[in-house]
Amino acid sequence: MEQRGCLQAAPKSRDSWTVDDLGVTLRRARQAAGQSLAGMAKRTGFSRSYLGNAETGERAVTPAVIRAYEKVLGDDLNRRELLIGAVSALAAVGVPDEASDIATSVRAERYHLLASAQTSHAVDKTIAALFSQDTPSLAALTKWAQKGTPVLRVNASGILAKIGSPVLDGQVARWLVADVEVRELYVTAVVSRVLGLPWDDARQLARSGFPLAEQHQLDALTAEVTNTADAGAHWCSIVLLARTRPEARTAVDDALTGALKTEISGEHLRAIGYTLAGLDPIAV
């Protein structure tokens, strides 16, 4: 049975995709769904000229644009074909080869690249943007986050934590509570990125359980506690602040009380509540 709006062209090989091809794919999907460019602009929040330039290849198609089209067009968008183009087009405009290669392997439900080394925050964000509406890939990542080597589990969790789903946000937090190995790797990555520490120093701090020693570290973590773009880093920052609360109670309580105003994840609310009550958000 023919589905309305699905693209009929056979998917291109990775090497044959260009930025222009991806814009054409977006335009054809929009037109097949009966959406005008003005209507798409109104529904996505991007300007008409911005989307028009993206569709014609004059402007790079970003993960945010891809997500916007997916949200509006739903099943009228051939997501699997678009994903192939998105990976190649993003590589063409400077996205690290690592992200492109991992995205391609995840789409094929192969986990070997995710199991080889811990990925960076930037790589996870890029992959998450590509897979935000790709149910089979999200299912594979969810499976790998619970089974496999610690590196595979933390990488899969790190990508899922950046999807922007309250359900996945809560699930990632529950994995971090239950999985000691993944928690240590995730906390290490957050400490290294947010506090600017070398990996070995960050790992030592993550393992030690010690409070943050300097004011600039406390300031950086209080900012990270509202990072809704990474539910894992968000949760880890709460845990790190909980360690520091005995030495800096006012600053930690102010940061966490402020975070309560915008927090929507039940697991993160639980961690904040326990910390403000003087309880360990991991042990409880």
| field | Pair residue 56, residue 108: separation of 7 Å Cα→Cβ label points (nm) | value | 3.7
| message | If I take the Cα coordinates of region 168-229 and project them onto the principal axes, what are the three extents in Å, biggest first? | response | 31, 23, 17
| query | For region 119-225, what is the accessible area per residue in Å² when the probe is 1.4 Å? | reply | 42
| message | Please report the accessible area of residue 276 (heavy atoms, 1.4 Å probe, ligands and nucleic acids excluded) in Å², nearest 10. | response | 50
| What does the highest-first list of 161-173, 247-259 look like by mean Cβ count within 10 Å? | 161-173, 247-259
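The values are calculated or read from the model by the stated rules, or taken from the named source; none is laboratory data. Here the structure is a predicted model, which means the values were calculated and not measured. Note that we place each Cβ from the backbone using ideal geometry, even for glycine, and neighbour counts take in every protein chain shown. Just so you know, the surface numbers come from the protein's heavy atoms only, side chains and all, with ligands and any DNA or RNA stripped out. Shrake-Rupley method; radii C 1.70, N 1.55, O 1.52, S 1.80 Å.
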